[in-house]
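S.K.: Below are the structure tokens for one structure; questions will follow.
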Amino acid sequence: QVQLVESGGGLVQPGGSLRLSCAPSGMIFRVDTMGWYRQAPGKQRELVADITRDDTTNYADSVKGRCTISRDNAKRTVYLQMNSLKPEDTAVYYCLQTIRRLPVTPAREYWGQGTQVTVSS
């Protein structure tokens, strides 16, 4: 069984920074696309940023210039550095990884359990 473990959320003041990380446990052959999504109360889950295996990145317009997604393929870990945080960034942040468990098995998506980010003074 594969599980994604997220860390790094918390309470931060407006203008502050946080760094989220997400790593899988279990038997894994390869991780393809990795990404971060968020869901605020009463809203749909939305993409924050994602990164392909060759480091091509994609960001939501709302976080461009403030967030940086990166990955460490050896550790199978994805990071989200968030700077200049705003109250509207408050949400539960979810990690998504597309994982192939064996060379012959198809890749599938796995979600983390979510980590709360609260931006408030």
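S.K.: In debye, nearest 20, what is the charge dipole magnitude of the chain about its Cα centre with +1 on Lys and Arg Cβ and -1 on Asp and Glu Cβ, if you could check?
M.R.: Numbers: 15 positive and 11 negative charges, 48 e Å.
Its charge dipole is roughly 240 debye.
S.K.: Something else about it: Could you work out what % of the accessible surface of region 1-86 is carbon and sulfur, using a 1.4 angstrom probe and leaving DNA, RNA and ligands out of the count?
M.R.: Numbers: 2080 of 4670 Å².
That share works out to 45 percent.
S.K.: While we're on this one: Please identify the cysteines of the chain that lack any partner cysteine with a Cβ under 4.7 Å from their own Cβ.
M.R.: Within the chain, the cysteines lacking a partner Cβ under 4.7 Å are CYS67.
S.K.: Now for a different question. Please list, by residue number, every one of the trypsin sites (Lys or Arg not before Pro) in region 34-90 that is coil in DSSP and has at most 16 other beta-carbon atoms within 10 Å.
M.R.: On the way: sites: ARG38, LYS43, ARG45, ARG53, LYS64, ARG66, ARG71, LYS75, ARG76; in loops: LYS43, ARG45, ARG53, LYS64, ARG66, LYS75, ARG76.
Here the trypsin sites (Lys or Arg not before Pro) that fit, given the DSSP loop and packing criteria, are LYS43, ARG45, ARG53, LYS64, ARG66, LYS75.
S.K.: What net charge do the residues around ASN83 carry, taking every other residue with its C-beta under 14 Å from that of ASN83, with Lys and Arg at +1 and Asp and Glu at -1?
M.R.: Details: positive: ARG19, LYS64, ARG66, LYS86; negative: ASP89.
Result for the neighbourhood of ASN83: +3.
S.K.: Further question on the same structure: Could you name the aspartates and glutamates in cross-link range of LYS43, using Cα to Cα under 16 Å and dropping any fewer than eight places away on the same chain?
M.R.: GLU88, ASP89
S.K.: Can you bin region 70-110 into rounded, prolate or oblate? Criterion: square roots of the alpha carbon gyration tensor eigenvalues sorted a ≥ b ≥ c, rounded for a/c under 1.5, prolate for a/b above b/c, oblate for the rest. Could the numbers behind the result be given before it?
M.R.: On the way: a/c = 5.86, a/b = 2.20, b/c = 2.66.
Oblate, because a/c is 1.5 or more while a/b does not exceed b/c.
S.K.: Here's another thing I want to ask about it. What number results when the radius of gyration of the chain, computed over Cα atoms, is divided by 2.2 N^0.38 Å? Write out the running numbers ahead of the final one.
M.R.: Numbers: Rg = 14.2 Å, N = 121, 2.2 N^0.38 = 13.6 Å.
Relative to the rule-of-thumb radius for its length, the chain sits at 1.04.
S.K.: Any idea which of TYR94, THR68, PRO41 is furthest toward the positive side of the dipole for the chain, if Lys and Arg beta-carbons carry +1 and Asp and Glu beta-carbons -1?
M.R.: The residue sitting most towards the positive pole is TYR94.
The values are calculated or read from the model by the stated rules, or taken from the named source; none is laboratory data. Everything numeric here is computed off the predicted structure, so don't read it as measured data. In this analysis, Cβ positions are derived from the backbone assuming ideal geometry, glycine residues included, and neighbour counts consider all displayed protein chains. These accessible areas exclude ligands, DNA and RNA; they are computed on the full protein's heavy atoms, side chains included. Shrake-Rupley method; radii C 1.70, N 1.55, O 1.52, S 1.80 Å.
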